[in-house]
Amino acid sequence: MKKLMTIPMLLVSLSAFAQKANVIFIDPDIESKELENFNIQKDSHQSSIPDRDEREALLNQNEKTKDWDELKKDIFYMDLARKSVPELQKKYPELTAKELKLLKERR
């Protein structure tokens with residue numbers, strides 16, 4: 001009896017490993033031919049990561065954000081779109097609420 005119960009459980013366990021993983025492409029230019037063992041989905045919305053020139057134009061308006069590294073600038077730019085001014089103040093205490101509000105409006 002124990003052997004009969006072990007076989008179906010083993011089959012269920014093996015089938016769980018045979019499932020394809022979902023992969024979502026944000027960039028439409030990514031080639032997906034080599035990923036045929038995955039469920040490929042193309043993301044339809046635009047990325048929050050800005051064009052570098054667009055981001056620089058905004059962040060160069062403030063002396064405090066000019067000298068940040070590239071990663072911090074990208075994260076801040078994305079945070080401007082998603083977070084409220086009070087949330088931004090907690091994460092970026094070097095900027096005043098007025099500065100944050102102004103940058104958020106210009107984004």
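The values are calculated or read from the model by the stated rules, or taken from the named source; none is laboratory data. All values reported here derive from a predicted model rather than from experimental measurement. Heavy atoms of the whole protein, side chains included, go into the accessibility calculation; ligands, DNA and RNA do not. Shrake-Rupley method; radii C 1.70, N 1.55, O 1.52, S 1.80 Å.
List of remarks:
- Those aspartates and glutamates that a straight Cα-Cα span of less than 14 Å connects to Lys66, excepting residues fewer than 8 apart in one chain: Asp53, Glu54, Glu56, Asp74, Glu94, Glu99
- Glu36 accessible area, assembled protein chains, probe 1.4 Å, Å²: 140
- Partner aspartates and glutamates for Lys20 [C-alpha distance under 13 Å; skip if fewer than 8 residues away on the same chain]: Glu36
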